[in-house]
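The values are calculated or read from the model by the stated rules, or taken from the named source; none is laboratory data. Worth saying up front: this structure is predicted, and the values here are computed from it rather than measured. Positions of Cβ are backbone-derived with ideal geometry, glycine not excepted, and every protein chain shown enters the neighbour counts. Accessible surface is based on the protein model in full, side chains and every heavy atom, while ligands, DNA and RNA are left aside. Shrake-Rupley method; radii C 1.70, N 1.55, O 1.52, S 1.80 Å.
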Amino acid sequence: MWNGIEWTNVDNGVIRRVRVKDCNNNGIIFTTAATGSDTNQVSDNEVSGIVASAIVLSGSNGNTLSNNLVLNNLSDGIYLTSTSQANVVKSNISRNNQGIGVVLSGTAGGNVLQHNRSFDNRQHGFKITGNSGGSSFYQNTADSNAGYAFYLDNSSVGDTFQKNNLRPSA
């Protein structure tokens, strides 16, 4: 199985204006072997037709994901996990994925999500789980997802939600 773009322990890099399509694992993934992939920018990309998640941050901090289009993937759109903290996820579109539009799990806390649109996904628009508290959600839109607009389980505490737009599925 292969990823479209995989960075392990890469800092201060830029992935911009790239099309990642039809990978049999993740589209773009930042992972950690020791210290994580930190303070990178991922912007203006299109990720589609991916078997696993479109964009994944695992153990990676201080990254910015902006203006990305993730659509028609067989799992989740944007996935932050494994102590990925202090990331900014803004102005992305997660559409028509078989999983969840945007996921925070596994102690991925203290992140800021703003102006994202998650719609027509087969599960939830946004999901916060696994001690991923302390994140802020500002002016995001969840529209016509098969599950909940925002799904928080009982282990996520201290999150802030302001001026988000929630629209039910038709």
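Selection of first residues in the stretch 148-167 that are part of a loop (DSSP other than H, G, I, E, B) and open to solvent by 60 Å² or more (accessible area, probe 1.4 Å) and of second residues that are at pLDDT 90 or above and among the aromatic types (Phe, Trp, Tyr), restricted to Cβ pairs under 7 Å at least 6 apart or on distinct chains, gives the following pairs, ordered by first then second residue: 163/138. Residues to consider are 26, 40, 45; find the one that is under 17 Å from the mean Cα position of the chain (by Cα), within 18 Å of residue 84 (Cα to Cα), open to solvent by less than 10 Å² (accessible area, probe 1.4 Å) and not charged (D, E, K, R). Criteria check complete, one pass: 40. Here residue 67 passes the criteria (1) in contact with a Phe, Trp or Tyr (Cβ under 6 Å, 6 or more places away or on another chain); (2) at positive phi except the one numbered (1). Filtered by the rule that a residue be in a loop (DSSP other than H, G, I, E, B), in contact with a strand residue (DSSP E or B) (Cβ under 6 Å, 6 or more places away or on another chain) and over 18 Å from residue 159 (Cα atoms), the stretch 102-129 gives a lone residue, 120.
Taking into account only those residues within the stretch 62-83 that are farther than 20 Å from residue 115 by Cα and either crowded, with 24+ Cβ neighbours inside 10 Å or at pLDDT below 95 (or both), which is nearest to the chain's Cα centre (by Cα)?
The selected residue is 81.
Sub-9 Å Cβ pairs linking a first residue in the stretch 84-108 that is farther than 22 Å from residue 12 by Cα and of a type in the set (Lys, Arg) to a second residue that is open to solvent by 50 Å² or more (accessible area, probe 1.4 Å) and outside any loop (DSSP other than H, G, I, E, B), at least 6 apart or interchain, are 95/69; 95/117, ordered by first then second residue.
Here the condition is being hydrophobic (A, V, I, L, M, F, W, C) and open to solvent by 30 Å² or more (accessible area, probe 1.4 Å); of 89, 51, it holds for 51 alone. I need the full set of residues from the stretch 142-153 which are within 14 Å of the chain's Cα centre (by Cα) and of a type outside the set (Phe, Trp, Tyr), in order please. If the condition is that a residue be within 14 Å of the chain's Cα centre (by Cα) and of a type outside the set (Phe, Trp, Tyr), then 142 is the only one that fits.
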